[in-house]
1. Can you compute the modelled spin-label distance between ASP119 and GLN98, with each label point 7 Å from Cα toward Cβ, in nm?
2. So how much slack lies between THR89 and ALA76, counting 0.36 nm per residue of separation and subtracting their Cα-Cα distance, in nm?
3. R0 = 25 Å: FRET efficiency of ALA47 with VAL69, Cβ-based, nearest 0.05?
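No value in this document is a laboratory result; all are computed from the given coordinates. Since we're looking at a predicted model, the values are computed, not measured. All Cβ positions, glycine included, derive from the backbone under ideal geometry; neighbour counts span all protein chains shown.
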Amino acid sequence: MKMKRLLLKWIPRQVMPSLALMALLLLAPQCYYDSEEELYSNFPENACDTAQVSFSAQVSPIIAQNCAVSGCHAGANATAGLNLTEFQTIQSIAQNGQLVGRITGTGGALMPPTGSLPDCDIALIKSWVNQGAPDN
């Protein structure tokens with residue numbers, strides 16, 4: 001109680017609410033947002049980089065996740081006899097235009113049948129094909 005009287009004696013009553021609010025803000029836990037993908041997703045450096053596309057790092061994972069799966073283009077019973085678990089097969093359909101034609105829907109039925117690939121994945125595959133479909 002003595003402390004309150006001392007404060008009231010030295011600090012005018014009009015200033016007390018402002019001081020209380022400042023103290024509360026200083027003592028309140030600080031919030032932050034740390035989702036890097038959401039924070040920086042609109043920056044150009046996070047755009048789809050198709051300058052140097054690697055088969056092993058970029059194209060192969062896209063095909064493995066969307067095409068070369070059980071019941072589709074994988075294994076001995078691959079759909080249409082097209083086993084996309086082997087580089088030579090992928091390179092062959094890339095070079096004859098079937099790969100880009102199918103993923104864009106301009107050369108037969110759109111693949112994968114579950115829906116179009118994301119634009120960046122299509123751009124990466126197109127770039128890889130345009131680079132000669134190398135085994136890199």
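1. It is 2.9 nm.
2. Working: separation 13, 0.36 × 13 = 4.68 nm, distance 1.36 nm.
Result: 3.3 nm gained on full extension.
3. Details: r = 28 Å, r/R0 = 1.12.
That gives a FRET efficiency of 0.35.
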